[in-house]
Amino acid sequence: MSDPFAAAPSPSPSPAVAPASGPTREATVRVAAVAKTYYRDQQPIPVLENIDLTIQSGEFVALMGPSGSGKTTLLNLVAGIDRPSSGSVVVAGNDLHGMSERQLAAFRSRHVGFIFQFYNLIPVLTAFENVELPLLLTSLSKAERRKHVATALEVVGLSDRRDHYPRQLSGGQEQRVAIARAVVTDPTVLLADEPTGDLDKRSEEEVLVLLRRLNQEFAKTILMVTHDPKAAASAGRTVRIEKGALVAAPKDGQA
Ligand SMILES: Nc1ncnc2c1ncn2[C@@H]1O[C@H](COP(=O)(O)OP(=O)(O)OP(=O)(O)O)[C@@H](O)[C@H]1O
Ligand SMILES: [Mg+2]
């Protein structure tokens, strides 16, 4: 079927970031020899030591590992929210090294959709307004924004909840609104940090079905952190962080 997001014109207001449809046939995500050390009171806290991760366009990858192993840190590096201590991160052909904060913001707006464990919806905005938020950073007209928001809410099955505030939604519905917000700009990559970690079994399954559909039907490239082998089983492959480096895990994610 056709991709309703594909009709979205580039939401990037800045030509500083290469369009996704450029001539390069790069992997969507290429993390090479990445290390990340935090410092607290001048004490180094090495978190990632030697991370190599390549994600091809259209892949759905689960990322597992013990608490504190650096999974969120790695997502933040791919999202251009944080910078590596060394090594390179290339997403959709954009080398994030050396980008200014403004260029990184434009990069995120164009290429990254982020889904959080606790949804991070704005409580004083309706579902519609929450989903519209990332589009306010683009040059789309009000009418075009309305169209894209309506499409995104339809894809997550919440057209009838568009005027509800987050407190008037169940946790699973809140997460589906957050997923609509993440995909409304037609990003190149979806990054999800324990998207089912706060949900009951039924809502978890709904969110996993939705992520699988976004991957299979709409060809979205997804990197999802999870502690749950059942969630990981939704992905095409699972990688695990062990001692600062990545190792492949069996399909069931139980490694
Ligand atoms: N800004 C920071 N300053 C100092 N240390 C940090 C910072 N952010 C994270 N850390 C440390 O880096 C390590 C990895 O943190 P991270 O949040 O990436 O782990 P995680 O794998 O996502 O864990 P969890 O499964 O609990 O979410 C932790 O030891 C954490 O304390
Ligand atoms: Mg984390």
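The values are calculated or read from the model by the stated rules, or taken from the named source; none is laboratory data. Predicted model only: the values in this text are computed from it and were never measured. Glycine also receives a Cβ, built like all others from the backbone with ideal geometry; neighbour counts cover every protein chain displayed.
Quick notes
- Filtering the stretch 52-106 to residues that are within 14 Å of ligand 1 (Cβ to nearest atom) and part of a helix (DSSP H, G or I) leaves Lys71, Thr72, Thr73, Leu74, Leu75, Asn76, Leu77, Val78.
- Residues (among the polar types (S, T, N, Q) and either within 19 Å of the chain's Cα centre (by Cα) or modelled with pLDDT under 95 (or both)) located in the stretch 95-109: Gln103, Ser109
- The residue list Leu153, Leu140, Leu169, Leu158 contains one member that is of a type in the set (A, V, I, L, M, F, W, C), more than 12 Å from Ala127 (Cβ to Cβ) and touching a residue at least 12 places away in the same chain (Cβ under 8 Å), which is Leu140.
- Screening Tyr119 with (1) over 28 Å from Leu208 (Cβ atoms); (2) assigned to a loop (DSSP other than H, G, I, E, B) gives one miss only, at (1).
- Pairs, first at positive phi and among the aromatic types (Phe, Trp, Tyr) in the stretch 46-66, second surrounded by 14 or more Cβ atoms within 10 Å (Cβ to Cβ) and at pLDDT 95 or above, C-beta under 7 Å, six or more apart: none
- Checking each residue in the stretch 212-249 for being surrounded by 21 or more Cβ atoms within 10 Å (Cβ to Cβ), within 12 Å of Leu190 (Cβ to Cβ) and either out of contact with any strand residue (DSSP E or B) (no Cβ under 6 Å at 6 or more places or on another chain) or at pLDDT below 95 (or both) picks out only Leu214.
- Of all residues in the stretch 188-222, those satisfying the criterion of being small (Gly, Ala, Ser) and closer than 23 Å to Val90 by Cα are Ala192, Ala219.
- Qualifying residue in the stretch 206-214 (condition: out of contact with any Lys or Arg (no Cβ under 9 Å at 6 or more places or on another chain) and of a type in the set (Asp, Glu)): no
- Condition check for Arg110 on (1) more than 16 Å from ligand 1 (Cβ to nearest atom); (2) surrounded by fewer than 16 Cβ atoms within 10 Å (Cβ to Cβ): one failure, at (2).
- The stretch 180-198, subset within 16 Å of ligand 2 (Cβ to nearest atom) and surrounded by 23 or more Cβ atoms within 10 Å (Cβ to Cβ), residue nearest to the chain's Cα centre (by Cα): Leu191
Per-residue answers, yes or no, for (1) away from ligand 2 (no atom under 16 Å from the Cβ); (2) hydrophobic (A, V, I, L, M, F, W, C); (3) buried (at least 20 other Cβ atoms within 10 Å of the Cβ):
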residue: Pro44; (1), (2), (3): yes, no, no
residue: Ala62; (1), (2), (3): no, yes, yes
residue: Met99; (1), (2), (3): yes, yes, no
residue: Arg102; (1), (2), (3): yes, no, no
